[in-house]
1. If you find the alpha carbon centre of segment 126-141 and of segment 94-124, how far apart are they in angstrom?
2. Apply the Karplus curve 6.51 cos²θ - 1.76 cosθ + 1.60, θ = phi - 60°, to the phi angles in segment 130-147 and return the couplings in whole Hz, x for Gly and Pro.
3. Pull out the extension gain between residue 35 and residue 110, defined as 0.36 nm times the separation in residues minus the alpha carbon to alpha carbon distance; nm, one decimal.
4. Normalised by the number of residues in segment 73-217, what is the relative contact order in percent for Cα pairs under 8 Å and 6+ residues apart?
5. What's the local net charge at residue 207, with K and R +1, D and E -1, over the other residues with C-beta under 15 Å away?
6. Can you give the net charge of the other residues whose Cβ lies under 15 Å from the Cβ of residue 173, counting K and R as +1 and D and E as -1?
7. Extension gain residue 50-residue 206, at 0.36 nm per residue separation less the Cα-Cα distance, in nm?
8. Considering amide H positions built from the backbone, and no H for Pro or chain starts, which residues 5 or more places from residue 103, or on another chain, come under 5 Å of its amide H?
Amino acid sequence: MVQHLGKPRWTGGELKRLLQDSRGITGLETAIILIAFVVVASVFAYTVLSAGVFSAQKGKEAIYGGLKKVSETLEPRGTVVAKDTTTPADGKIDQVIFTVALALGNDAVDFAPPTDAASDGEPDAGSTHKTIISYIDDTQYLSNLSWTKTQLGYGNGDNLLNANEQFEIAVNLAKVAGGSNPLKTDTTFTLEVKPSHGSILNITRTTPGSIGAVVRLD
């Protein structure tokens with residue numbers, strides 16, 4: 001008997017059954033896979049879009065916050081003047097006067113002055129003022145001094161510093177003058193004007209070699 005060692009030969013019936021058992025991907029299965037890809041892509045796109053919107057919102061808030069801070073920034077106007085109001089003069093500065101205005105914007109700054117019933121340079125315990133003025137030199141830091149406010153020129157007469165308005169601020173340094181390190185000659189000091197919101201205004205000056213009743217601090 002001769003054996004065939006080549007490729008197997010399929011009968012017609014066997015080939016027909018083989019073709020009937022072969023199954024491919026149907027149209028329904030293709031649609032399901034496509035829908036799954038679309039859903040995944042949509043979720044991913046939504047996540048990316050949400051992250052972008054969130055970042056943009058935070059960026060906008062930061063920009064607006066910065067603009068608001070700048071719009072409430074104070075700037076000094078004119079000359080800073082120191083006074084020795086004691087009679088007779090004792091060579092100790094007990095009052096510093098300067099003028100402030102808004103640098104930019106229309107947001108008002110509250111300059112309702114503190115109450116100081118004793119006139120000792122320290123606000124009363126129940127004072128409700130919002131703008132704080134501090135004194136700093138090489139030997140001391142006084143965090144909250146009393147001060148008064150006078151409107152110069154145009155204004156509506158209230159305690160809010162608005163655009164195009166100027167307030168003259170007189171800081172009472174009685175607590176400094178009466179302390180162990182009064183403000184005298186050749187001394188560098190800083191007044192910090194701290195509104196309830198916005199930037200801090202630092203006014204740094206050095207006293208001259210002699211102190212009169214009125215001293216101009218350039």
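Please treat every number below as a calculation from the coordinates, not as lab data. It should be emphasised that the depicted structure is a prediction, and the values quoted were computed from it without experimental measurement. No Cβ is skipped: glycine too gets one built from the backbone with ideal geometry, and neighbour counts run over all protein chains shown.
1. If we compute the Cα centre of each part, the gap is 10 Å.
2. Karplus-based 3J(HN,Hα) across segment 130-147 equals 9, 8, 10, 10, 10, 10, 9, 9, 5, 10, 7, 9, 10, 7, 8, 9, 7, 7 Hz.
3. Working: separation 75, 0.36 × 75 = 27.00 nm, distance 6.11 nm.
Roughly 20.9 nm would be gained on extension.
4. Details: 346 pairs, mean separation 45.0, N = 145.
Over segment 73-217, the number comes to 31 percent.
5. On the way: positive: 83, 92, 184, 205, 216; negative: 84, 90, 94, 137, 138, 186, 218.
With Lys, Arg at +1 and Asp, Glu at -1, the net is -2.
6. Residues close to residue 173 contribute a combined charge of -3.
7. Details: separation 156, 0.36 × 156 = 56.16 nm, distance 5.50 nm.
Contour length minus the Cα-Cα distance gives 50.7 nm.
8. Those qualifying (amide H under 5 Å, at least 5 residues apart or on another chain) are 73, 74, 75.
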